1. For LYS226, which aspartates and glutamates qualify as cross-link partners when the Cα separation must be under 16 Å and same-chain residues fewer than eight apart are set aside?
2. Where nothing but the Cβ of Lys and Arg (+1) and of Asp and Glu (-1) is charged, how large is the charge dipole of the chain around its Cα centre, in debye to the nearest 20?
3. Of the cross-linked pairs LYS121/LYS203; LYS44/LYS181; LYS121/LYS169, which ones have a Cα-Cα span greater than 25 Å in the structure shown?
4. Sequence gap at least 6, Cα distance under 8 Å: using those rules, report the relative contact order of the chain to the nearest whole percent.
5. Taking the Cα centre of the stretch 221-270 as origin and charging only Cβ (+1 Lys, Arg; -1 Asp, Glu), how large is the dipole, in debye to the nearest 20?
6. Rank VAL368, VAL166, VAL300 by mean-square fluctuation in a GNM of the chain with C-alpha springs under 10 angstrom and give only the top-ranked residue.
7. Choose one answer from TYR288, TYR184, TYR58: the residue with the largest mean-square fluctuation in a GNM of the chain with alpha-carbon springs under 10 Å.
8. Eigenvalues of the Cα gyration tensor times 5, then square-rooted: what semi-axes does that give for the chain, in whole angstrom, largest first?
Amino acid sequence: MYRMVSEGSLMESKSSIFLPNTKKMWKERIIFVHMKIEEDYSIKKHTTFGIDADVSYYVEYDSEEELKELIESGFLLDREVLALGGGSNILFCDDFDGVVLHSEIKGMEIVERTEDSVLVKVGAGEVWDDFVAWTITQGFYGAENLSDIPGSVGATPVQNIGAYGVEAKDLIERVECVDTKSAYTVTFENQELSFGYRDSAFKHDLKGLFIVTRVYYRLSLLPSFKLDYGTIRDELQGSETSLQTVRDAVIRIRKSKLPDPSVTGNAGSFFKNPVISNDRYEELLEDYPSMPHYDVKNGVKIPAAWLIEQCGWKGRSQGRAAVCESQPLVLINTGGAYGHEILELSEEIRESVRQRFGIDISPEVILVAAPQEDPSDSLTR
Ligand SMILES: Cc1cc2nc3c(=O)[nH]c(=O)nc-3n(C[C@H](O)[C@H](O)[C@H](O)COP(=O)(O)OP(=O)(O)OC[C@H]3O[C@@H](n4cnc5c(N)ncnc54)[C@H](O)[C@@H]3O)c2cc1C
């Protein structure tokens, strides 16, 4: 399914790897590559939910070489591994007994230019919106509708981020990764990654096996805009349509609707919009004739926000967890909440939607260290 483009230098026999067992020994072993490594570390400031939880190890690396060095040292052997970007779509339900790896791999480089497009290679540790802002200054078309989405470049192929009619998959040409076991560099082409709605092979077959290090985006040099989603066209208010005005309009709309994570802890949409069969939709329509819906390839998509609101959750709080008043798809930490409090609220919402509509709304947010009833909710290497 995938292709190795270069080989790491995995030590010959894993049993011969020297495995230090104290923080001091690990630091001594790893310090020469200047990596930041913390033990029993609070992850609070690294997630937009602002939830306090401890992780056994937190490691920051600046380059592929450092990441490979870490893997080859044997440090990750028999440990759960979690790649963390900006922590903007993740909920630590409890302490995490494993290694959190954070990429600081930077760089935006044009690697190919044709008459009508450019291919740009971007480091996984770049902030996504910094990249979008850069594409605007360069006059590259395609990413402007994805302005102001929090998080890192490395997470974009994992999540297949999307907004206003554009998804990351429309721009991604290939993704460069490092195999967490062999330390080999592996490249995946777009069509190998089974992209779907907020979904990709990184959440399924490839789950926990690869760390994204670079993403290649194809952007257009020819003016072309998607203005018919949400209220972009209205927001432009007759002003000239340019990369900058579209970006500004998108940012204004988003700021008016979504809580700012630096003020109120949240991770954007907590649930995905469910897709139901046409038959089920027809049945529900009898009881709920005004139910909003969108026809999609495999059925009918119902806005989860509407379902949640109908169940009376909009604006409701439960302890230190609450449902956002302006956007019920967003769950918020009203101050000092633990991950399990947000999780419990989400489960109650999910159950009430199931009871009333017979529809399951699954979380979009990645649940870490969640109770193990549903293995797909937690990340295991
Ligand atoms: C206010 C707000 C608004 C948002 N609006 C949108 C929106 O409009 N559209 C949208 O799609 N999303 C939205 N989100 C969700 C979020 O911004 C995206 O999912 C984003 O891509 C997460 O990036 P991150 O770097 O923070 O990833 P994290 O939350 O750190 O991680 C998310 C997942 O990606 C994996 N991952 C991260 N980096 C790597 C890597 N280098 N290699 C392998 N796996 C990795 C993690 O293991 C995890 O599974 C919003 C979030 C917030 C807080």
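Every read-out reported here was derived from the displayed coordinates using simple, explicitly stated rules and does not represent laboratory data. Computed from a predicted structure; not experimentally measured. Heads up, the Cβs are rebuilt from the backbone with ideal geometry, glycines too, and the neighbour counts pull from every protein chain shown.
1. By straight Cα distance, LYS226 reaches GLU144, GLU167, ASP170, ASP234, GLU235, GLU240, ASP248.
2. The calculation lands at about 320 debye.
3. Beyond 25 Å between Cα atoms: LYS44/LYS181.
4. Values: 770 pairs, mean separation 68.0, N = 381.
Value for the chain: 18 percent.
5. Charge dipole of the stretch 221-270: 120 debye, to the nearest 20.
6. Answer for the Gaussian network model of the chain: VAL300.
7. Of TYR288, TYR184, TYR58, the most mobile in the Gaussian network model is TYR288.
8. Working: eigenvalues 242, 152, 73 Å².
After scaling each eigenvalue by five and taking roots: 35, 28, 19 Å.
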